[in-house]
């Protein structure tokens, strides 16, 4: 009899996919100092690794405007060009320096619909070696509740390995 897929088994499989991907990303980016190249590569590799990720990208802290993000390297449809720290999921993650998981974007107060097909989202702050916010990583899916703690842990490990070292 075939083994049944359980939520725990699916989570374990997803955790392993993140672990494998972290190693692959580290291998590809070994020795690359350019921040834009690192962000572009992470975006592309994440988008390819998970079929349900329909938008993956970075919003970078704009050094010329206080508390504002500007679109950076991404994979997917057109993104918002600028997001204030006071608005949306990306703004909340930047402002609060925490991971934000949104199961239903329509239920998130102040959600910014850069693409109306987005149904769920996870946003993580990206910190440099000194612990300063340099960007947020935004991942969207067209299905509700696409992200969980396994995604948060897996993505956070990738970001720390690539941007906080």
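Give the residue, chosen from 129, 95, that is at negative phi and in a loop (DSSP other than H, G, I, E, B). Step through it out loud before you land on a result.
Values: 95 fails: in a loop (DSSP other than H, G, I, E, B).
After applying the criteria, what remains is 129.
Looking at the stretch 61-82, which of its residues are at pLDDT 95 or above and either in contact with a helix residue (DSSP H, G or I) (Cβ under 8 Å, 6 or more places away or on another chain) or part of a helix (DSSP H, G or I) (or both)?
Listed by number, the residues that qualify are 61, 69, 72, 73, 74, 75.
Go through the stretch 51-73 residue by residue and tally those that are free of Cβ contacts under 8 Å to residues at least 40 places away in the same chain and buried (at least 17 other Cβ atoms within 10 Å of the Cβ).
Number of matching residues: 4.
Give me the pairs, please: first residue somewhere in the stretch 133-155 and free of Cβ contacts under 8 Å to residues at least 60 places away in the same chain, second residue anywhere and not in a strand (DSSP E or B), beta-carbon distance under 8 Å, and either six or more positions apart or on two chains.
If the second residue must be not in a strand (DSSP E or B), the pairs left are 144/103; 144/104; 144/119; 145/103; 145/104; 147/103; 152/99.
For (1) at pLDDT below 95; (2) surrounded by 11 or more Cβ atoms within 10 Å (Cβ to Cβ), each residue gets a yes or a no:
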residue: 1; (1), (2): yes, no
residue: 12; (1), (2): yes, yes
residue: 16; (1), (2): yes, yes
residue: 101; (1), (2): no, yes
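The values are calculated or read from the model by the stated rules, or taken from the named source; none is laboratory data. All values derive from a computational prediction rather than experimental measurement. No Cβ is skipped: glycine too gets one built from the backbone with ideal geometry, and neighbour counts run over all protein chains shown.
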